[in-house]
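The values are calculated or read from the model by the stated rules, or taken from the named source; none is laboratory data. These numbers were taken from a predicted model, which means no experiment stands behind them. Every residue, glycine among them, receives a Cβ derived from its backbone with ideal geometry; neighbour counts consider all protein chains shown. Areas reflect the complete protein model, heavy atoms only, side chains present, ligands, DNA and RNA absent. Shrake-Rupley method; radii C 1.70, N 1.55, O 1.52, S 1.80 Å.
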Amino acid sequence: VFTALNDNIASGWYYMTLSDDQCTIYDSVFVDLVNPPDPNISPLTYSGSAPSTFTFTNTSQNATSYLWDFDGVSPQISVNDLSSQTVTFPLSGTYTVTLYAYLGACVDSTSVPVTVLDLPVASAPNVFTPNGDSQNDEFFIKTENVTKVALVITNRWGNVVFEEATQNPKWNGYTNGNLHSAGVYFYTYIATGINGDELTGQGFVELIRE
């Protein structure tokens, strides 16, 4: 076994002399330097709202196999190529994704943190048909990570026809038992996220009577 006394030796031939009281032995060894593994990963995004899916690219060098560790959220993955990996983090928090790069007995690793936030998300349809067929009968704000929605709907003259602040307010097209005329109505909302952030929005919805 050849052990270098200096880690910064150059590639080339090295000659050794071993002597004792009886004899002397000469030998030589060629030292070929190999670049060590250079792991590198990059998520396409570093944060998202729960649940959030991240894709990680592998741009490592000087390695022949890899081990991905997703902070216990997903099983470790062993691969022999630079393929990207996708994983979903269902809950909010900061997770550390680690990549181990191997070249024979040599190994190196790198890690990146990603953050999953409970951000409020809201969207709304632009039409609804309150005709009692149980399909698209109500207008409501579609939300994620929201604890309460304050929804106000007015007609074209600015008169309030619906107002409610609950977890999921829904308007069936009626006010005081009377179905409103077909037409366009204006809505505004304030959605309160489970993290305390508020998301505001506004738009138009068309009531269609079929």
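Observations
- Tally of residues being within 30 Å of the chain's Cα centre (by Cα), over 27 Å from S42 (Cβ atoms) and among the polar types (S, T, N, Q) across the stretch 104-153: 4
- The selection criterion, being in contact (Cβ under 8 Å) with a residue 12 or more places away in the chain and out of contact with any strand residue (DSSP E or B) (no Cβ under 6 Å at 6 or more places or on another chain), holds for N35.
- Residues (of a type outside the set (S, T, N, Q), in contact with a strand residue (DSSP E or B) (Cβ under 8 Å, 6 or more places away or on another chain) and more than 30 Å from P169 (Cα to Cα)) located in the stretch 105-125: V107, D108, V112, P113, V114
Results for (1) within 30 Å of G48 (Cα to Cα); (2) at pLDDT below 95; (3) β-branched (V, I, T), shown as yes or no for each residue.
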site: I141; (1), (2), (3): yes, no, yes
site: P169; (1), (2), (3): yes, no, no
site: T175; (1), (2), (3): no, yes, yes
site: A182; (1), (2), (3): no, yes, no
site: I190; (1), (2), (3): yes, no, yes
site: Q202; (1), (2), (3): yes, no, no
site: E206; (1), (2), (3): no, no, no
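- Test: residue in the stretch 21-35 that is within 19 Å of L99 (Cβ to Cβ) and open to solvent by 50 Å² or more (accessible area, probe 1.4 Å): yes
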